[in-house]
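The values are calculated or read from the model by the stated rules, or taken from the named source; none is laboratory data. Keep in mind that what you see is a predicted model, and the values were worked out from it rather than measured. Using ideal geometry, Cβ is built from the backbone for each residue, glycine included, and neighbour counts are taken over all protein chains shown. Keep in mind that these areas ignore ligands, DNA and RNA; they rest on the heavy atoms of the full protein, side chains included. Shrake-Rupley method; radii C 1.70, N 1.55, O 1.52, S 1.80 Å.
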Amino acid sequence: MKKQAAFVLKGNLLYCKDADQIISAPNSYLVCEEGKVAGVFDTLPDHYTGIPVTDYGDKLIIPGLVDLHLHAPQYSFRGLGMDLELLDWLNINTFPEESKYADLDYARKAYQMFADAMAAGATTRACVFATIHVPGTMLLMELLDKTGIHAMVGKVNMDRNSPDILRETSAQSLADTEQWLAACEGRYENITPILTPRFIPSCTDELMKGLASLQKKTGLPMQSHLSENLSEIAWVKELCPYSSSYGDAYDQLGMFGGDCPTVMAHCVHLTEEEIELAKKRGVFIAHCAQSNTNLASGVAPMRTYLDHKMNVGLGTDVAGGFSPSIFRAMSDAVQASKLRWRLLDNSLKPLTMPEAFYLATKGGGAFFGKVGSFEEGYEFDAVVIDDSSLVHPQELTPQERLERVIYLSDERNVSEKYIGGVHISK
Ligand code: GUN
Ligand code: FE
């Protein structure tokens, strides 16, 4: 995979500048220079004459999709064992499976399947949990790196409330994390490390504080879970009696955004105080509607988060979510918001499809910098969609065709991917 200095894609371009609308540029030119978007044009300006143009005809071209939260080792049990709530689901399904990744043969087999799925789909950027195991985590990073996808991958930290085979001491967890970070340095082209304390119930205060000082030293981003399930929230109150809320517990432990980019999955049941704090600290929220339905966690108030202009994007949360498709995450987010509106709070209007598309592109993309749009200066991440198998007797606009691709969520419609200006071979 090599980067061309400048090239052009031609097709039906669709992207967001804000959450209100999808911009449609039919039959237009998308120019890439040095890995960045140089512009969208209906006729190619003269000064671009001579640079290579790939004409994708009537196909759709959208920004790459961003998955702000998923678990690579859980891909193996997607679609299985969903009739449980979070804490039982972790103990019965998740921890036994994750403990298998101590075995590198198993990890190689399972992570290759995961990497293949990521390569085939529309996701171009992702925040990924691995397991506590350093060799397995580095294997995952190596396999994902080969796909060309840009991902932040985290060795998970856990030093309490988990089975012996999946529990570290806090000293070991910190030492392993430092060793892992040192070993990652300069090793991957597209994959970078992210600090990954699993969630407060799995991490003692001592471990969290150690990770916070490591973060201060390194400036690394951090990913975790926040306020997913009511029993989990009650448990955090017991574990951190000094805190006024789950978010405040992270904050008091020094791991709630501020100087370092932070993404928290779920945020289903945040209090007003937590919302204010998350906003002040610039914390990103990864909305995982399918997982929240499967584990009966609830529905996050995304309208509130959008109204507050918080940093928000979408996550599949594989395997709380069974589907690794961000198309599916968009339609699930819209559907869940409609049920929330009708059944729980009719003051919060449901999400619209343009809003869901914004969350999946520019909203989540902001965690990676200027990512997720075709505005000038954005990273050149583009997905070409061949929806010709989705037949229709009537005329449809490109935006209507995109809406159908999203609702039908079949990643086999993904034809080509470009990430940071590099054409990824699928
Ligand atoms: N909270 C802590 N660990 C997990 C996990 O693996 N999945 C989900 N959905 N929530 C969690
Ligand atoms: Fe998760």
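Quick one: Karplus J couplings for the range 190-196, per residue in order, coefficients 6.51, -1.76, 1.60, θ = phi - 60°, nearest Hz, x for Gly and Pro?
With the stated coefficients, the range 190-196 comes to 10, 10, 10, x, 9, 5, 9 Hz.
Expressed as a whole percentage, what fraction of the accessible surface of the chain belongs to carbon and sulfur atoms when a 1.4 Å probe is rolled over the protein heavy atoms?
About 50 percent, which is the carbon plus sulfur part of the accessible surface.
First measure r as the distance between the Cβ atoms of A182 and F41, then evaluate 1/(1 + (r/R0)^6) with R0 = 35 Å and state the FRET efficiency to the nearest 0.05.
0.15
Which cross-chain or sequence-distant (5 or more) residues have an amide H under 5 Å from the amide H of V153, H modelled 1.01 Å from N in plane?
For V153, the qualifying residues are V128, T192, I194.
Which whole-Hz ³J(HN,Hα) couplings does the range 81-94 yield from phi under the Karplus relation 6.51 cos²θ - 1.76 cosθ + 1.60, θ = phi - 60°, glycine and proline marked x?
With the stated coefficients, the range 81-94 comes to x, 8, 8, 9, 8, 3, 5, 5, 4, 5, 5, 8, 9, 7 Hz.
Grab the beta carbon distance between E375 and K279, set R0 = 25 Å, and tell me the FRET efficiency rounded to 0.05.
FRET efficiency, E375 to K279: 0.55.
Output the peptides 115-125, 383-393 sorted from most to least packed, where packing is the average of other Cβ atoms within 10 Å over each peptide's residues. Don't skip to the end; give the middle numbers.
Numbers: 115-125: 22.5, 383-393: 14.8.
Final packing ranking: 115-125, 383-393.
What distance in nm separates the two pseudo spin-label positions at I51 and K146, each 7 Å out from Cα along the beta-carbon direction?
Going by the 7 Å Cα→Cβ label model, 3.2 nm.
By how many nm would the segment from E85 to T169 lengthen if fully extended, with 0.36 nm per residue of separation less the alpha-carbon distance?
27.5 nm
How high is the relative contact order of the chain? Use alpha-carbon pairs under 8 Å, at least six apart in sequence, and give a whole percent.
22
Suppose only helical runs count, i.e. DSSP H with n ≥ 4. What mean residue ellipticity at 222 nm does that imply for the chain under -39500 (n - 2.57) per run, divided by all residues and rounded to the nearest 500 deg cm²/dmol?
The helix-only estimate for the chain comes to -10000 deg cm²/dmol at 222 nm.
Kindly report the accessible area of the range 1-91 per residue (heavy atoms of protein chains, probe 1.4 Å, no ligands, DNA or RNA), in Å².
Using a 1.4 Å probe on heavy atoms only, each residue of the range 1-91 averages 45 Å².
With just the Cα atoms defining each centre, how far is the range 372-426 from the range 112-175? Give it in Å.
28
What FRET efficiency do you get for D18 and R342 if R0 is 30 Å and r is their Cβ-Cβ distance, rounded to the nearest 0.05?
Plugging the Cβ-Cβ distance into 1/(1 + (r/R0)^6) gives 0.70.
Return one whole number: the accessible area per residue of the range 325-426 in Å², for a 1.4 Å probe.
So the range 325-426 comes to 44 Å² accessible per residue, rounded to a whole number.
Rg and Dmax of the range 82-201, Cα atoms, in Å?
Reported Rg and Dmax, both Å: 14.3, 43.
Amide H of A122: which non-local residues (sequence gap of 5 or more, or other chain) have their own amide H closer than 5 Å, using H built in the peptide plane?
Those qualifying (amide H under 5 Å, at least 5 residues apart or on another chain) are I326.
Where only protein heavy atoms count, and the probe is 1.4 Å, what is the accessible area per residue for the range 97-210 in Å²?
Accessible area per residue, the range 97-210: 35 Å².
Whole-Å semi-axes of the chain's equivalent ellipsoid, largest first, each the root of 5 times a Cα gyration tensor eigenvalue?
They are 35, 24, 20 Å, listed from largest to smallest.
Only bridges whose two residues both fall in the chain count here: according to DSSP, what percent of them are antiparallel, nearest 5?
So the antiparallel bridges in the chain amount to around 45 percent.
Would you mind working out the magnitude of the charge dipole of the range 277-409 relative to its Cα centre, with +1 at each Lys and Arg C-beta and -1 at each Asp and Glu C-beta, to the nearest 20 Debye?
720
Once the whole set of protein chains is in place, how much accessible area is left on E228, using a 1.4 Å probe, in Å² to the nearest 10?
Per-residue accessible area (E228): approximately 10 Å².
Could you tell me the center-to-center distance, by alpha carbons, between the range 221-241 and the range 48-81 in angstrom?
First find each Cα centre; the distance between them is then 32 Å.
What are the ³J(HN,Hα) values, in whole Hz, obtained from phi via the Karplus relation 6.51 cos²θ - 1.76 cosθ + 1.60 with θ = phi - 60°, for each residue of the range 139-147 in sequence order, with x given for Gly and Pro?
After applying 6.51 cos²θ - 1.76 cosθ + 1.60, I find 5, 4, 4, 5, 5, 5, 4, 5, 6 Hz.
Sort Y188, Y305 from largest to smallest accessible area, using a 1.4 Å probe on the heavy atoms of the protein chains.
Sorted descending by solvent-accessible area, the residues read Y188, Y305.
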